[in-house]
Amino acid sequence: MASLPNGAAAAAGSSGGRPVDKEVDFANYFCTYGYLYHQKEMLCDRVRMDAYHSSVFRNAPHFEGKVVLDVGTGSGILAIWSAQAGARKVYAVEATNMAEHARELARANGVADIVEVIQGTVEDVELPEKVDVIISEWMGYFLLRESMFDSVICARDRWLKPDGVMYPSHARMWLAPIRTGLGDKKMEDLDIAMDDWNLFVQDTQAYYGVNMNALTKAYRAEHEKYYLKSAIWNNLHPNQVIGQPAVIKEIDCLTATVDEIREVRAQVMLPISLEGARLSALAGWFDVHFRGSAQNPAVEEVELNTAPDEQGGTHWGQQVFLLTPPVKVSKGDSVNVSFSMVRSKENHRLMDMEFTYELHEFSGRKHPAITTKMYLE
Ligand SMILES: C[S@@+](CC[C@H](N)C(=O)[O-])C[C@H]1O[C@@H](n2cnc3c(N)ncnc32)[C@H](O)[C@@H]1O
């Protein structure tokens, strides 16, 4: 039987090396995963579901007679598929009370003798044996939001056999130049918020005799951060991508360390491929691959891609990072981007980013570099 050590209180992650308070993490992060409505949102994402389903059933030899660990089993879906694909034993670890529903679902689907649901964080859990496969759906917005891959790394280092495989096995982050009207809408929203503030300043002076104007700058900064500097979730149409996307991070899930993912830094050149376009934002997304390992390659490689898609996309969508003001660009121009992403000091599951971008016209003219901060909250 798998079990949790008594009084286990290992940190579930770290923010710049500082231990994370588990109670705070539960209140801020895990709470929503305890609700069926939230699990259902993920279970209704056809792109996600089809990719994981194909990855398991087209690669059944990886599961037949094998021991599997499902990190963050949620409703238990990946654990149940692993059992249906022939696993001998599946340890399905879930931090929240969703574990009870997962247990019930395993019973109702006739795999309770194979799937053992363990409620607790994977960092604390004790298993009676090492595992052949680790399966997990750990990806957040722009891949790394939520920092759940830390937990998968911890599970891998503790429980995966030396010749074991990771599902998924590889992940990549992408950045692309795009056109969108979202920036105009956000500028309007900001103007409305500031008009409302100015009325408030006038009224407070008139009725209560206090001049609030000293706070106008701070109020504007707060709202600029919210409207213009926060990543915007959107499922973009492919025709909004106006140039060549670039990979800014590649992760081998079998070997990656937390240090490797704590910060992402990249310098990329994004060639513009559309004539007379308005570059109004950069967009970020990710893909993951199920390739098995060099020792144990997949029978059939499967991809889960969250790029802009005509069919409508995924619940992850893409993250839109506004460039204000937008820049007129032409085919043959390129945008040089220096990108950095670190974990927020206040919450290690959220990300602070910095973009420095520089337009190089086809004619050879270089525009001055602009640096902007962005937040993935
Ligand atoms: C993105 S959901 C995926 C759920 C399910 N595997 C699926 O694919 O539908 C991630 C789940 O992992 C759980 N989780 C996140 N970190 C965990 C940890 N360190 N230990 C145990 N469970 C964790 C969350 O509570 C959540 O239910």
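Per 20 Å bin, what percent of the C-alpha pairs of the chain does each bin hold, from zero upward?
Values per bin, smallest distances first: 26, 51, 21, 2.
Given labels modelled 7 Å from the Cα in the Cβ direction, how far is it in nm from ARG158 to PHE200?
About 4.6 nm separates the two model spin labels.
Expected output is a single nm value to one decimal: the length gained when fully extending between LEU43 and ASP113, i.e. 0.36 nm times separation in residues minus the C-alpha distance. What is it?
22.9 nm is the gain from fully extending LEU43 to ASP113.
At 1.4 Å probe size, with the rest of the protein present, what percent of the exposed accessible area of the stretch 289-377 is carbon and sulfur atoms?
Roughly 47 percent of what the probe reaches on the stretch 289-377 is carbon or sulfur.
Evaluate the distance, in nm, between pseudo-label points positioned 7 Å from the Cα of ASN97 and of GLU64 along their respective Cα→Cβ axes.
4.2 nm
Please enumerate, by chain and number, the aspartates and glutamates with C-alpha under 14 Å from the C-alpha of LYS328, excluding those fewer than 8 residues away in the same chain.
GLU275, GLU358, GLU361
Taking the Cα-to-Cβ direction at TYR226 and at GLU301 and moving 7 Å from each Cα, how far apart do the two end points lie in nm?
4.5 nm
What's the carbon and sulfur percent of the stretch 22-137's accessible surface, probe 1.4 angstrom, rounded to a whole number?
That fraction is 52 percent.
Anything over 29 Å Cα to Cα? Flag those among LYS217/LYS249; LYS229/LYS249; LYS225/LYS249, in the order listed.
From LYS217/LYS249; LYS229/LYS249; LYS225/LYS249, over 29 Å: LYS217/LYS249.
For the stretch 22-137, evaluate the Debye formula with one uniform point scatterer on each Cα (no solvent term) and list log10 I(q)/I(0) at q = 0.10, 0.14, 0.15 Å⁻¹, rounded to two decimals.
Values returned for q = 0.10, 0.14, 0.15 Å⁻¹ are -0.27, -0.54, -0.62.
THR356: accessible area at probe 1.4 Å, nearest 10 Å²?
40 Å²
Using +1 on the beta carbon of Lys and Arg, -1 on that of Asp and Glu, and nothing else charged, what's the dipole of the stretch 193-269 about the Cα centre, debye to 20?
Its charge dipole is roughly 160 debye.
Note down the magnitude of the dipole of the stretch 301-377 about its Cα centre, charges +1 on Lys and Arg C-beta and -1 on Asp and Glu C-beta and zero elsewhere, to the nearest 20 debye.
Magnitude of the dipole: close to 400 debye.
On a full-extension model of 0.36 nm per residue, what is the gain between ASP50 and ALA27, subtracting their alpha-carbon distance, rounded to one decimal in nm?
Computed gain between ASP50 and ALA27 is 5.2 nm.
With unit charges on the beta carbons (Lys and Arg positive, Asp and Glu negative) and the dipole taken about the Cα centre of the chain, which residue among GLN202, PHE26, ASN109 sits farthest to the positive side?
Going by the Cα projections, it comes out as GLN202.
With a cut-off of at most 13 other beta carbons within 10 Å, and DSSP calling the residue loop, which trypsin sites (Lys or Arg not before Pro) in the stretch 124-215 qualify? Please list them.
In loop regions of the stretch 124-215 (DSSP not H, G, I, E or B), the sparsely surrounded trypsin sites (Lys or Arg not before Pro) are LYS130.
Report relative contact order for the stretch 22-137 in percent, whole number only (criteria: Cα-Cα under 8 Å, sequence separation at least 6).
Once normalised by length, the contact order is 27 percent.
Given charges of +1 on the Cβ of Lys and Arg and -1 on the Cβ of Asp and Glu, with all other atoms neutral, how large is the dipole of the stretch 22-137 about its Cα centre, in debye to the nearest 20?
The dipole magnitude comes to about 420 debye.
If I take every Cα pair under 8 Å that is 6 or more residues apart in the chain, average their sequence separation and divide by the length, what percent do I get for the relative contact order?
RCO, the chain: 17 percent.
Please figure out what share of the DSSP beta bridges in the chain is antiparallel and state it in percent, rounded to the nearest 5.
Restricted to the chain, the bridges split so that about 75 percent are antiparallel.
Go ahead and run the numbers for FRET between ASP184 and GLN267, Cβ-Cβ distance against an R0 of 25 Å, rounding to 0.05.
Between ASP184 and GLN267 the formula returns 0.30.
If a/c stays under 1.5 just call it rounded; otherwise compare a/b with b/c (prolate if a/b is bigger, oblate if not). Do that for the stretch 213-362, with a ≥ b ≥ c from the square roots of the Cα gyration tensor eigenvalues.
oblate
With a 1.4 Å probe and every protein chain left in place, tell me how much accessible area LEU274 has, in Å² to the nearest 10.
60 Å²
What whole-number value in Å² describes the accessible area per residue of the chain for a 1.4 Å probe?
Accessible area per residue: 47 Å².
The values are calculated or read from the model by the stated rules, or taken from the named source; none is laboratory data. Predicted, not measured: the structure shown is a model, and the values here were computed from it. A quick note on method: Cβ atoms are made from the backbone with ideal geometry, for glycine too, and the neighbour counts reach across all protein chains shown. Protein only, heavy atoms only, side chains kept; ligands, DNA and RNA dropped before computing areas. Shrake-Rupley method; radii C 1.70, N 1.55, O 1.52, S 1.80 Å.
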